[in-house]
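Single-structure report; data block below.
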Amino acid sequence: MKKLQVGTATQRMLELGHPWVIADRYTKNWPKGKAGEIVELVGEKNEFLAIALLDPEDRIVARVLSHKRRQIDQGWFEDRFRQAKLLRRFINLDETSVYRLVNGEGDGFPGLTVDYYAGYLMVQLFSEAWDVHLKQILAALQAVFPTSGIYRKLRPQETRALEAKSQNKNYSRLIQGQAAPTPLIVEENGLRYLVDMAEGLNTGIFPDQRNNRLELMRHVAGKRVLNLFAFTGAFSVAAAHAGAKKVTSVDVSEKYLGVARENFELNRINPKRHEFIVADVFVTLERMARENQKFDLILFDPPSFSTTKKSLFSTQGGTSRLVEATLPLLEEGGLLAASSNHQKTALADYLKELRRGALQADSGLRVLATLGQSEDFPWTVSFPEGQYLKFVLAVKDSDL
């Protein structure tokens, strides 16, 4: 096995349990290697540090698989998958058929996730280096999580560039077993949703928000709810089911909101009693402000980065602008549910964005709770980046 030496800073991070080696002046001196190659990482005194997966063309040039010397074979994959399965015994998945089985770094598989969708698996690769080991991965998955069919989806770091430039929106492909129905019906907390295993970067539901949808349902009875960046309406369905007086869903995609309407009907909720607006979020907020519209609860869960013909949104900077535009529409004492999945924005920095937006709106926010991803998305204390999802519930209080 090839031995590759890392610098002092990287050695310190590896000894603390961090699973990544970021490209630097030391890695530039490594001998040429191939993506997917299993290598041994050593320190400046040639001492063993870890076994890793090499990806020489990526910013993360190596991902740690083990801090002990061992062979990375099908037995290793099966052992790791069984550990991930055992961890899920702590999670309440009653009336739920969509959840994460393997959560990348949090389950010892940096750059690889596995999601369960009502009898089918979606394997997502955030590094092409995993493709070299796909045969062993599939055999191990079938041994530990036997299912009807398995899909593969490549998720490069430049996802937004890929989506903007690519004309082919079929990012997934069936690699084993039977194809899933299109659409496939999944269940979350007793509610049903439509997903598509083959088309688009996302299937149609984000299971990491499962607990946050439950939390939202506690606060919406009889309320006027505005859901911004509504996607396929999972939060909207949850709110309407929990007794919201009216749910207004806004998204720039007519296709996604079409699925949202179908999700309402799937759960025997009449979509005609609610509102679906296909438009840019900021343009819609400006119009609603001019019309003096008011809501009791406003939710936004934007993508980390998105571009429309009329505006550009990014978490850093965009969140404060969004809060500033949103708060005038929120009744005094109303609830703001602000969410972001941007991994590079820590909770403390996200709260600063909320504060900046509140100040710009000449208002205040009193935080009731800060939540994160559901338990099937575990993270380790050695990899704080794994705590990526922020979900903040706050009350509008203009006297603050």
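The values are calculated or read from the model by the stated rules, or taken from the named source; none is laboratory data. Nothing here was measured: the structure is a model prediction, and the numbers come from that model. Neighbour counts are summed over all protein chains in view; Cβ atoms, including those assigned to glycine, are modelled from backbone coordinates with ideal geometry. The area values use the complete protein model at the heavy-atom level, side chains included, leaving out ligands, DNA and RNA. Shrake-Rupley method; radii C 1.70, N 1.55, O 1.52, S 1.80 Å.
Quick check on packing: order 242-249, 176-183 by the mean number of other C-beta atoms within 10 Å, highest mean leading.
Working: 242-249: 21.1, 176-183: 15.5.
Packing order, densest peptide first, comes out as 242-249, 176-183.
Counting Lys +1, Arg +1, Asp -1, Glu -1, what net charge surrounds L154 among other residues with beta carbon under 11 Å of its beta carbon?
Working: positive: R152, K153, R155, R173; negative: E128, D131.
Counting the neighbours of L154, the net charge comes to +2.
With charges only on Cβ, +1 for K and R and -1 for D and E, what is the dipole size of the stretch 186-297 about its Cα centre, in debye, rounded to 20?
Numbers: 16 positive and 15 negative charges, 129 e Å.
In total the dipole reaches around 620 debye.
Under a 10 Å cutoff between Cα atoms, tell me which one of G357, G108, G149 has the largest fluctuation in the Gaussian network model of the chain.
Greatest mean-square fluctuation among the candidates belongs to G149.
Under a 1.4 angstrom probe, counting protein chains only, how are D131, D115 ranked by accessible area, largest first?
Numbers: D131 50, D115 5 Å².
The ordering from most to least exposed comes out as D131, D115.
Using a 1.4 Å probe over the heavy atoms of the protein chains, calculate the carbon and sulfur portion of the accessible area of the stretch 87-148 as a whole percent.
Numbers: 1080 of 2190 Å².
Answer for the stretch 87-148 is 49 percent, counting heavy atoms of protein chains only.
Can you give the accessible area per residue of the stretch 250-400, in Å², using a 1.4 Å probe?
Working: 7440 Å² over 151 residues.
Result: 49 Å² of accessible area for each residue.
Which of the listed residues, V252, N227, S339, is farthest toward the dipole's positive end in the chain, when Lys, Arg count +1 and Asp, Glu count -1 at the beta-carbon?
V252
Might you tell me the accessible area per residue for the stretch 29-82, computed with a 1.4 Å probe and given in Å²? Before the final figure, lay out each step's value.
Numbers: 2770 Å² over 54 residues.
For the stretch 29-82, the per-residue accessible area is 51 Å².
Excluding T96 itself, what net charge comes from residues whose Cβ is under 9 Å from its Cβ, given Lys and Arg +1 and Asp and Glu -1? Please list the in-between numbers first.
Values: positive: R210; negative: D94, E95, E187, E188.
With Lys, Arg at +1 and Asp, Glu at -1, the neighbours total -3.
Per residue of the chain, what 222 nm ellipticity follows from adding -39500 (n - 2.57) for every DSSP H run with n ≥ 4, rounded to the nearest 500?
Numbers: 10 runs with 105 residues, N = 400.
Dividing the helical sum by the residues of the chain leaves -8000 deg cm²/dmol.
Quick one: Karplus J couplings for the stretch 101-109, per residue in order, coefficients 6.51, -1.76, 1.60, θ = phi - 60°, nearest Hz, x for Gly and Pro?
8, 9, 10, x, 4, x, 10, x, 10
Once you list every other residue whose beta carbon is under 15 Å from the beta carbon of N270, what net charge do they have if Lys and Arg are +1 and Asp and Glu are -1?
+3
Which number do you get for Rg(Cα) / (2.2 N^0.38 Å) in the stretch 262-400? Provide the component values of the computation, followed by the final result.
Values: Rg = 16.1 Å, N = 139, 2.2 N^0.38 = 14.3 Å.
It is 1.12.
How high is the relative contact order of the chain, in percent, counting Cα pairs under 8 Å that sit 6 or more residues apart?
Worked out over the chain, it gives 11 percent.
What size of dipole, in debye to the nearest 20, comes out for the stretch 55-210 about its Cα centre when the only charges are +1 on Lys and Arg C-beta atoms and -1 on Asp and Glu C-beta atoms? Can you show the working numbers first?
Working: 21 positive and 20 negative charges, 65 e Å.
The dipole magnitude comes to about 320 debye.
Rounded to whole Hz and in sequence order, give me ³J(HN,Hα) for the stretch 364-377 from the Karplus expression 6.51 cos²θ - 1.76 cosθ + 1.60, θ = phi - 60°, writing x for Gly and Pro.
Whole-Hz 3J(HN,Hα) from phi for the stretch 364-377: x, 10, 9, 6, 8, 7, 10, 10, x, 6, 5, 5, 7, 10.
Placing +1 on the Cβ of each Lys and Arg and -1 on the Cβ of each Asp and Glu in the chain, which of I185, A129, P207 has its Cα farthest towards the positive end of the resulting dipole?
The residue sitting most towards the positive pole is A129.
Given Cβ point charges of +1 (Lys, Arg) and -1 (Asp, Glu) and nothing else, what value in debye, to the nearest 20, does the dipole of the chain about its Cα centre take? Don't jump to the answer; show the numbers that get you there.
Values: 53 positive and 48 negative charges, 62 e Å.
So the magnitude is around 300 debye.
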